[in-house]
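The values are calculated or read from the model by the stated rules, or taken from the named source; none is laboratory data. This structure is a prediction, so every number in the text was calculated from the model and none was measured. FYI the Cβ positions are ideal-geometry reconstructions off the backbone, even for glycines, and counts take in every protein chain you see. The area values use the complete protein model at the heavy-atom level, side chains included, leaving out ligands, DNA and RNA. Shrake-Rupley method; radii C 1.70, N 1.55, O 1.52, S 1.80 Å.
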Amino acid sequence: FKAPSTDHPALYRDLLRTNRVHWIAEEPPAELVREKMMECHFRFRHQMALVPCVLTLNQDGSVWVTLVKPARAITPGQFAVFYKGDECLGSGKILRMGPSVYTMQQGKNREEGPKKEEIDKIEPVT
(Lines give C-alpha, C1' and ligand atoms only; values in the text may rest on other atoms or scores of the structure.)
Protein backbone atom coordinates (compact mmCIF):
# COMPACT_ATOMS: atom_id res chain seq x y z
CA PHE A 1 0.00 0.00 0.00
CA LYS A 2 1.41 3.39 -0.95
CA ALA A 3 -0.30 6.27 0.78
CA PRO A 4 -1.08 9.31 -1.41
CA SER A 5 0.72 11.68 1.01
CA THR A 6 3.10 11.53 3.97
CA ASP A 7 0.26 12.61 6.28
CA HIS A 8 -2.39 10.22 4.94
CA PRO A 9 -4.52 8.70 7.78
CA ALA A 10 -3.53 5.20 6.57
CA LEU A 11 -0.05 5.86 7.99
CA TYR A 12 -1.31 6.52 11.54
CA ARG A 13 -2.10 3.89 14.16
CA ASP A 14 -2.89 3.98 17.86
CA LEU A 15 -2.65 0.27 18.74
CA LEU A 16 0.18 -2.21 18.42
CA ARG A 17 1.31 -5.50 19.91
CA THR A 18 4.86 -6.48 20.78
CA ASN A 19 6.47 -9.85 21.32
CA ARG A 20 7.55 -10.76 24.89
CA VAL A 21 8.94 -7.55 26.38
CA HIS A 22 12.50 -7.47 27.72
CA TRP A 23 12.14 -5.56 30.99
CA ILE A 24 15.26 -3.94 32.46
CA ALA A 25 14.73 -3.37 36.21
CA GLU A 26 11.56 -5.32 37.06
CA GLU A 27 10.31 -8.32 35.12
CA PRO A 28 7.57 -7.01 34.38
CA PRO A 29 6.96 -3.83 36.43
CA ALA A 30 4.91 -4.51 39.59
CA GLU A 31 2.25 -1.94 38.62
CA LEU A 32 1.71 -3.69 35.28
CA VAL A 33 1.41 -7.11 36.97
CA ARG A 34 -0.94 -5.79 39.67
CA GLU A 35 -3.19 -3.59 37.49
CA LYS A 36 -2.78 -5.52 34.19
CA MET A 37 -2.27 -2.10 32.59
CA MET A 38 0.08 0.81 33.10
CA GLU A 39 0.50 4.33 31.76
CA CYS A 40 3.94 5.15 30.43
CA HIS A 41 5.62 6.60 27.32
CA PHE A 42 7.05 4.92 24.28
CA ARG A 43 8.98 5.55 21.11
CA PHE A 44 9.82 3.33 18.15
CA ARG A 45 12.47 5.51 16.48
CA HIS A 46 15.62 6.72 18.19
CA GLN A 47 15.11 10.48 17.88
CA MET A 48 11.31 10.65 18.05
CA ALA A 49 9.47 12.41 20.88
CA LEU A 50 8.03 10.17 23.59
CA VAL A 51 4.36 9.30 23.10
CA PRO A 52 2.03 8.72 26.09
CA CYS A 53 0.52 5.24 26.03
CA VAL A 54 -1.16 2.53 28.08
CA LEU A 55 0.37 -0.95 28.20
CA THR A 56 -1.85 -3.99 28.65
CA LEU A 57 -0.01 -7.13 29.71
CA ASN A 58 -0.79 -10.40 27.91
CA GLN A 59 -0.25 -13.81 29.52
CA ASP A 60 2.64 -14.62 27.18
CA GLY A 61 4.60 -11.56 28.34
CA SER A 62 3.76 -9.53 25.23
CA VAL A 63 1.93 -6.21 25.57
CA TRP A 64 -0.74 -4.29 23.69
CA VAL A 65 0.29 -0.64 23.43
CA THR A 66 -2.58 1.86 23.15
CA LEU A 67 -1.33 5.32 22.19
CA VAL A 68 -2.97 8.47 23.50
CA LYS A 69 -2.82 9.84 19.95
CA PRO A 70 -2.03 7.96 16.74
CA ALA A 71 1.61 7.81 15.65
CA ARG A 72 2.86 7.83 12.05
CA ALA A 73 4.65 5.03 10.18
CA ILE A 74 4.87 2.34 12.86
CA THR A 75 5.91 -0.93 11.21
CA PRO A 76 6.34 -4.52 12.37
CA GLY A 77 9.95 -5.36 13.15
CA GLN A 78 10.69 -2.01 14.80
CA PHE A 79 11.26 -2.00 18.55
CA ALA A 80 8.87 -0.25 20.92
CA VAL A 81 10.87 1.17 23.85
CA PHE A 82 8.98 2.03 27.05
CA TYR A 83 9.79 4.79 29.55
CA LYS A 84 8.49 5.96 32.94
CA GLY A 85 9.86 9.46 33.51
CA ASP A 86 13.56 9.29 32.58
CA GLU A 87 13.80 5.56 33.23
CA CYS A 88 13.86 3.11 30.33
CA LEU A 89 11.60 0.22 31.40
CA GLY A 90 12.31 -2.14 28.52
CA SER A 91 11.48 -2.91 24.92
CA GLY A 92 9.68 -5.35 22.66
CA LYS A 93 9.65 -5.97 18.94
CA ILE A 94 6.47 -4.76 17.22
CA LEU A 95 4.64 -7.79 15.81
CA ARG A 96 1.18 -6.54 14.92
CA MET A 97 -0.68 -3.30 14.61
CA GLY A 98 -4.29 -2.32 15.04
CA PRO A 99 -6.24 -0.76 12.18
CA SER A 100 -5.02 2.54 10.75
CA VAL A 101 -6.83 5.81 11.41
CA TYR A 102 -7.94 5.60 7.76
CA THR A 103 -9.52 2.16 8.26
CA MET A 104 -11.21 3.36 11.47
CA GLN A 105 -12.64 6.40 9.63
CA GLN A 106 -13.94 4.13 6.86
CA GLY A 107 -15.59 1.93 9.50
CA LYS A 108 -17.20 4.92 11.21
CA ASN A 109 -18.60 6.12 7.88
CA ARG A 110 -20.18 2.69 7.29
CA GLU A 111 -21.67 2.52 10.81
CA GLU A 112 -23.63 5.72 10.20
CA GLY A 113 -25.84 3.71 7.89
CA PRO A 114 -27.24 4.67 4.50
CA LYS A 115 -27.49 8.36 3.62
CA LYS A 116 -30.88 10.01 3.14
CA GLU A 117 -30.46 10.05 -0.67
CA GLU A 118 -29.90 6.26 -0.62
CA ILE A 119 -32.98 5.72 1.53
CA ASP A 120 -35.09 7.81 -0.88
CA LYS A 121 -34.09 5.43 -3.73
CA ILE A 122 -35.32 2.33 -1.89
CA GLU A 123 -38.72 1.20 -3.19
CA PRO A 124 -41.30 0.83 -0.41
CA VAL A 125 -42.52 -2.71 0.18
CA THR A 126 -46.22 -3.10 -0.79
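Determine which member of the set Gln59, Gln47 is polar (S, T, N, Q), out of contact with any Phe, Trp or Tyr (no Cβ under 8 Å at 6 or more places or on another chain) and over 17 Å from Arg17 (Cα atoms).
Details: Gln59 fails: over 17 Å from Arg17 (Cα atoms).
Testing whether each residue is polar (S, T, N, Q), out of contact with any Phe, Trp or Tyr (no Cβ under 8 Å at 6 or more places or on another chain) and over 17 Å from Arg17 (Cα atoms) leaves just Gln47.
Quick check on this structure: which one of Leu89, Leu67 is touching a residue at least 60 places away in the same chain (Cβ under 8 Å) and assigned to a strand (DSSP E or B)?
Working: Leu67 fails: touching a residue at least 60 places away in the same chain (Cβ under 8 Å).
Step by step, each of Leu89, Leu67 is checked, and only Leu89 is touching a residue at least 60 places away in the same chain (Cβ under 8 Å) and assigned to a strand (DSSP E or B).
Looking for something open to solvent by 60 Å² or more (accessible area, probe 1.4 Å) and touching a residue at least 40 places away in the same chain (Cβ under 8 Å) - is there at least one such residue anywhere in segment 43-59?
Here is the first cut: in segment 43-59, the ones open to solvent by 60 Å² or more (accessible area, probe 1.4 Å) are 45-47, 49-50, 59.
In the following step, the residues that additionally are touching a residue at least 40 places away in the same chain (Cβ under 8 Å) were identified as none.
No: segment 43-59 contains no residue that is open to solvent by 60 Å² or more (accessible area, probe 1.4 Å) and touching a residue at least 40 places away in the same chain (Cβ under 8 Å).
Within segment 29-42, which residues are surrounded by 18 or more Cβ atoms within 10 Å (Cβ to Cβ) and not in a strand (DSSP E or B)?
Within segment 29-42, Pro29, Leu32 meet the criteria.
Applying the selection to segment 74-113, what residues are open to solvent by 30 Å² or more (accessible area, probe 1.4 Å) and in contact with a Lys or Arg (Cβ under 6 Å, 6 or more places away or on another chain)?
Correct list: Phe79, Val81, Leu95, Arg96, Met97.
When segment 5-28 is examined, which residues are found to be within 14 Å of Arg72 (Cα to Cα), over 14 Å from the mean Cα position of the chain (by Cα) and either among the charged types (D, E, K, R) or surrounded by fewer than 12 Cβ atoms within 10 Å (Cβ to Cβ) (or both)?
Within segment 5-28, Ser5, Thr6, Asp7 qualify.
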